[in-house]
Amino acid sequence: AASEGERLVDLDEALAGAGVTDILTELDSELIGLAPVKRRVREIADFLLIERLRSSVGLQTQAPTLHMSFTGSPGTGKTTVALRMGKILHRLGYVRKGHLVVAARDDLVGQYVGHTAPKTKEAIKRAMGGVLFIDEAYSLYRPESERDYGLEAVAILLQAMEDYRNDLVVIFAGYRDRMETFFISNPGLRSRIAHHIDFPDYTFEELVSIGELMVRQQGYFFDAGAREAFREYLALRREQPLFANARSVRNAIDRIKLRQAARLIAAGGKIPAEELMRIDAADIRQSRVFADQSGREGGPAA
């Protein structure tokens, strides 16, 4: 209990007033699995809220370092989490806008002398007040090329991360092992990153749930045969090259919808409206993944 005259801080009121709970709830509903990632995001949000409260009552604080590293395979939700992180930072007052700008090597690195600086600075300018998400960031470091300008982009990013640390958050993302090599190449880069978050690959059952959720969200449904066919499809597809977790699941569903539409139009006639929503097993089993389980001829199976 507080002693007489002691200042009280209402944590529940502060949390409600910050408006981050709904963002965290959205993240839970949008992304299946990823429990350690969600837990880390919540911890960061809690820490930043406490820092803001400390400042409001006159306690010693210092501007927190907010730059981050997201490591993991493609399709594990890194961009989605970055988008939500930008909104959290905005709600808590750490950035002015909270928007997300996604950039890759081609958006930052030029092909000749004097071309890289303006490209990188333009990306930084667009991201000011929000989050600059650099996908496959390790591609900025190419030690095998003597005339590569990627390190120039990194140097400019490092300076911006320091100069605009109160209104710009940079998130570097990519495969775990390649990102480690990238950070080793520039010790100054690692020292400016406060939060390293690893995104695990989805389990098989999580991928099935992701697919079923995507189908429902788009106004379709699997019948019993299609549900079993989809499980068989995923079991085969995830063992093939270039599998990208939820991204590959989304692409597969897009192709399934194309085949469903072709089946319906080819059959013609009058059909119940429900048939516009139903996905048949045949819509899935036409995929080349069933005919070519190696998936190597002509690239990844569709």
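Just a few scattered comments:
- Boolean, G130 is at pLDDT 95 or above and buried (at least 16 other Cβ atoms within 10 Å of the Cβ): yes
- Matching residues, the range 143-173, being touching a residue at least 60 places away in the same chain (Cβ under 8 Å) and either charged (D, E, K, R) or closer than 15 Å to V109 by Cβ (or both): R165, D167, F172
- Single unsatisfied condition, A35 versus (1) surrounded by 13 or more Cβ atoms within 10 Å (Cβ to Cβ); (2) out of contact with any Gly (no Cβ under 9 Å at 6 or more places or on another chain): (1)
- Sole exception among (1) without any contact (Cβ under 8 Å) to a residue 24 or more places away in the chain; (2) closer than 30 Å to E275 by Cβ for R190, by number: (2)
- From the options K97, K125, K87, residue that is part of a loop (DSSP other than H, G, I, E, B) and under 23 Å from A63 (Cβ atoms): K97
- Candidates I271, I256 - the one that is hydrophobic (A, V, I, L, M, F, W, C), part of a loop (DSSP other than H, G, I, E, B), modelled with pLDDT of 95 or more and in contact with a helix residue (DSSP H, G or I) (Cβ under 8 Å, 6 or more places away or on another chain): I271
- Some residue of the range 279-290 being surrounded by fewer than 16 Cβ atoms within 10 Å (Cβ to Cβ), on the phi > 0 side of the Ramachandran plot, of a type outside the set (S, T, N, Q) and at pLDDT below 95: no
A quick yes/no check of all residues on (1) assigned to a strand (DSSP E or B); (2) open to solvent by 50 Å² or more (accessible area, probe 1.4 Å):
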{"position": "R147", "(1), (2)": "no, yes"}
{"position": "Q159", "(1), (2)": "no, yes"}
{"position": "I171", "(1), (2)": "yes, no"}
{"position": "R190", "(1), (2)": "no, yes"}
{"position": "V208", "(1), (2)": "no, no"}
{"position": "E212", "(1), (2)": "no, no"}
{"position": "R227", "(1), (2)": "no, yes"}
{"position": "Q240", "(1), (2)": "no, no"}
{"position": "A246", "(1), (2)": "no, no"}
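- Of A104, A155, all but one fail to be among the hydrophobic types (A, V, I, L, M, F, W, C), surrounded by fewer than 22 Cβ atoms within 10 Å (Cβ to Cβ), more than 30 Å from T21 (Cα to Cα) and under 19 Å from the mean Cα position of the chain (by Cα); the exception is A104.
The values are calculated or read from the model by the stated rules, or taken from the named source; none is laboratory data. Keep in mind that what you see is a predicted model, and the values were worked out from it rather than measured. No Cβ is skipped: glycine too gets one built from the backbone with ideal geometry, and neighbour counts run over all protein chains shown. What goes into the accessible areas is simple: the full protein's heavy atoms, side chains included, and nothing from ligands, DNA or RNA. Shrake-Rupley method; radii C 1.70, N 1.55, O 1.52, S 1.80 Å.
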